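The structure under discussion appears below in the form of structure tokens.
The values are calculated or read from the model by the stated rules, or taken from the named source; none is laboratory data. The shown structure was predicted, so the numbers you read here are calculated from the model rather than taken from an experiment. Here Cβ is always computed from backbone atoms with ideal geometry, including for glycine, and neighbour counts include all displayed protein chains. Just so you know, the surface numbers come from the protein's heavy atoms only, side chains and all, with ligands and any DNA or RNA stripped out. Shrake-Rupley method; radii C 1.70, N 1.55, O 1.52, S 1.80 Å.
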Amino acid sequence: MPEYRTAALVLRTFDHGESDRLVHLYTEKLGRVSAIAKGARRSQRRFPGTLEIFSKLEVQIVDPPRAQLMRLEGAVLVEPGEPLVQHLGRFAIASQLLEMLDRLTGEREANPELFHFSAGVLTVLCAERPDRLLALLVQLKTLARLGYRPQLVACAGCGQPVSGRDRVAFDVAHGGATCPDCASGEAPRVPASLLARLEVGIRTPLRQRGELGIPDRAVRQAERLFSRFVLFHVGLELRTADFLSQIRDLECLDGKRARGDTAPASGAAPAGAAAGSAGRA
Amino acid sequence: MTQLLTPIERVVSALRRLPGIGEKTATRLAYFLLAAPDPVASDLAEAIVRLRSDVVICERCFTPSERSPCPICTDENRQGRQVCVVEEPADLASIERAGNFQGLYHVLGGTLSPLDGIGPDALRIGPLLQRVRAGEVDEVILATNPNPEGEATALFVADQLRDCEVLVTRIGFGMPLGGDLEYVDRVTVRRSLENRRAFGA
């Protein structure tokens, strides 16, 4: 019976039967998998405090022949997701990342680079005061790694550079920025400088996002563009998008500290964070 | 052509919609009901019908009850200025079984769960704020579960109450009764130490 040991992020959990739990994991070696954790709801010893969303684990999974689901044999907590629930903004951004991993990746399609990027984002989020630009950049960086990278500095139709212009069309159907010859009439016009800064943002560590110089008004404009972009190209509405929208209205993405938030100040890695994992985000 | 279900298949199909019941269990229960003495099946059917017709939601705490306001909300012997906020009616029942809480309740009707598309708008937070702002409450005890969704919900409710003159407390976390330090996760151990108290206090 094949057995795997791999690092994993807990994406979702569901009660299964009277004593088991079905766990969706994004693993380093196997990609996204679903596994049954036998006795997880009844026993305090089998998976203590490990099977919660956002947790980074070292798991042991077996793949019984002819079984529909893999079986989670063991899990060790490497990095708890606790700081992510001490601020609603962090909770929302981290949830959107998990939803994208859960719904936009194929079962058992290994992508170690995406795993390390995602683990790094969660580590960075644990120590950040979340703002709207952080939420937007996490979404764009994740989309890029999932193969949905929008065209931001070259025309999505003909490939000509568009960054020298004042305003360019952002044509969702074409895949992003478009030159006047390729743009459709209805595509909204946006500052080329905003798209250029977002292009830099995709390649810049999240902690340095303040250096991009993107004003809040421009972030709001970009949020609207990419919400349509995701709907068109991914073909589904992310459940977490509405949540993010609601907490933006509650000013939970204004870069302030939440009451009772014990996470370290921005830029500091939380205790126990895996060395180097934040560097990829 | 639509194939009509047999009576047994209809029962199996209905039972399978219940949480935690799969095809095999549903089939076993259906055949049990078929073979059981007469009052078993008819009593169950009547109880289910009455569950839907006789139960209302309490207008104050939002727990299912035979009348509104519910017996807990109208009990003059309870400490009415203390309100315990829980996720679901089953959580209220657990606290009542413990037998040492004499205050009132507020059932939120769920938790914040972005992955299920459940946001602040889906929780019953408005009526709680009304009770607090009306000066009816001295203490709000946040008794949502200690998982990510429950923690985020407690944070949200506390944040909504930040401008109210009310004491907001969180239920304690720590070692479970019968637990074993060797098998408890490090977050629970850390919280147990943070929430320690003087011996005998």
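Take the conditions in a strand (DSSP E or B) and either of a type in the set (Gly, Ala, Ser) or within 14 Å of another protein chain (Cβ to nearest Cβ) (or both) and apply them to A:Gly74. Does it pass? Before the answer, list the steps.
On the way: in a strand (DSSP E or B): yes; either of a type in the set (Gly, Ala, Ser) or within 14 Å of another protein chain (Cβ to nearest Cβ) (or both): yes.
When the stated conditions are applied, A:Gly74 passes them.
A search for C-beta distances below 6 Å between a residue of the stretch B:167-183 that is farther than 16 Å from B:Pro146 by Cβ and any residue that is open to solvent by less than 80 Å² (accessible area, probe 1.4 Å) and hydrophobic (A, V, I, L, M, F, W, C), counting only pairs 6+ apart in sequence or on different chains, returns B:Val168/B:Val140; B:Val168/B:Ala158; B:Val168/B:Leu161. The residues in the stretch A:32-58 that are open to solvent by 30 Å² or more (accessible area, probe 1.4 Å), touching a Leu at 6+ places or on another chain (Cβ under 7 Å) and assigned to a loop (DSSP other than H, G, I, E, B) can be counted, and the count is 1. Scanning the stretch B:4-25 for residues that are surrounded by 11 or more Cβ atoms within 10 Å (Cβ to Cβ) and either in contact with a Lys or Arg (Cβ under 6 Å, 6 or more places away or on another chain) or β-branched (Val, Ile, Thr) (or both) turns up B:Ile8, B:Val11, B:Val12, B:Ile21, B:Thr25. For the stretch A:238-257, a residue qualifies if it is surrounded by fewer than 18 Cβ atoms within 10 Å (Cβ to Cβ), more than 9 Å from every other protein chain (Cβ to nearest Cβ) and part of a loop (DSSP other than H, G, I, E, B), and the qualifying residues are A:Glu251, A:Gly255, A:Lys256, A:Arg257.
Quick one: which helices (runs of 4 or more DSSP H) lie wholly within the stretch B:1-110 and hold at least 1 residues that are within 30 Å of B:Leu167 (Cα to Cα), out of contact with any Leu (no Cβ under 6 Å at 6 or more places or on another chain) and hydrophobic (A, V, I, L, M, F, W, C)?
B:89-98
Screening the stretch A:69-93 for residues that are among the small types (Gly, Ala, Ser) and either more than 19 Å from A:Gln44 (Cα to Cα) or surrounded by 23 or more Cβ atoms within 10 Å (Cβ to Cβ) (or both) and picking the one that is nearest to the chain's Cα centre (by Cα) gives A:Ala92. Here is the figure for the stretch B:11-27: residues that are within 12 Å of chain A (Cβ to nearest Cβ) and among the charged types (D, E, K, R) total 1. Here the condition is being open to solvent by 70 Å² or more (accessible area, probe 1.4 Å) and more than 11 Å from every other protein chain (Cβ to nearest Cβ); of B:Glu139, B:Glu76, it holds for B:Glu76 alone.
Residue check: A:Ala127 meets all listed conditions (1) within 13 Å of another protein chain (Cβ to nearest Cβ); (2) closer than 30 Å to A:Arg217 by Cβ; (3) among the hydrophobic types (A, V, I, L, M, F, W, C) but one, namely (1).
Can you tell me which residues in the stretch B:94-112 are open to solvent by 10 Å² or more (accessible area, probe 1.4 Å) and more than 13 Å from B:Phe62 (Cα to Cα)? B:Ser94, B:Ile95, B:Glu96, B:Arg97, B:Ala98, B:Gly99, B:Asn100, B:Phe101, B:Gln102, B:Thr111, listed by residue number. In this structure, does B:Gly117 turn out to be among the small types (Gly, Ala, Ser), in contact with a Lys or Arg (Cβ under 7 Å, 6 or more places away or on another chain) and within 14 Å of chain A (Cβ to nearest Cβ)? Here the answer is yes, as B:Gly117 does meet what is asked.
Inspect all residues belonging to the stretch B:114-124 and state whether any of them is within 25 Å of A:Ile93 (Cβ to Cβ), part of a helix (DSSP H, G or I) and within 16 Å of the chain's Cα centre (by Cα).
Narrowing the stretch B:114-124 to residues within 25 Å of A:Ile93 (Cβ to Cβ): B:114-123.
Now narrow it down to the ones that are part of a helix (DSSP H, G or I): B:114-116, B:120-122.
Still in the running and within 16 Å of the chain's Cα centre (by Cα): B:122.
Looking for residues that are within 25 Å of A:Ile93 (Cβ to Cβ), part of a helix (DSSP H, G or I) and within 16 Å of the chain's Cα centre (by Cα), one finds at least one in the stretch B:114-124, hence yes.
Residues in the stretch B:171-196 that are surrounded by 12 or more Cβ atoms within 10 Å (Cβ to Cβ) and of a type in the set (A, V, I, L, M) were compared, and the one that is nearest to B:Glu139 (Cα to Cα) is B:Ile171. Every test in (1) within 14 Å of another protein chain (Cβ to nearest Cβ); (2) modelled with pLDDT of 95 or more; (3) exposed (fewer than 15 other Cβ atoms within 10 Å of the Cβ) is passed by B:Val168 save one, and that test is (3).
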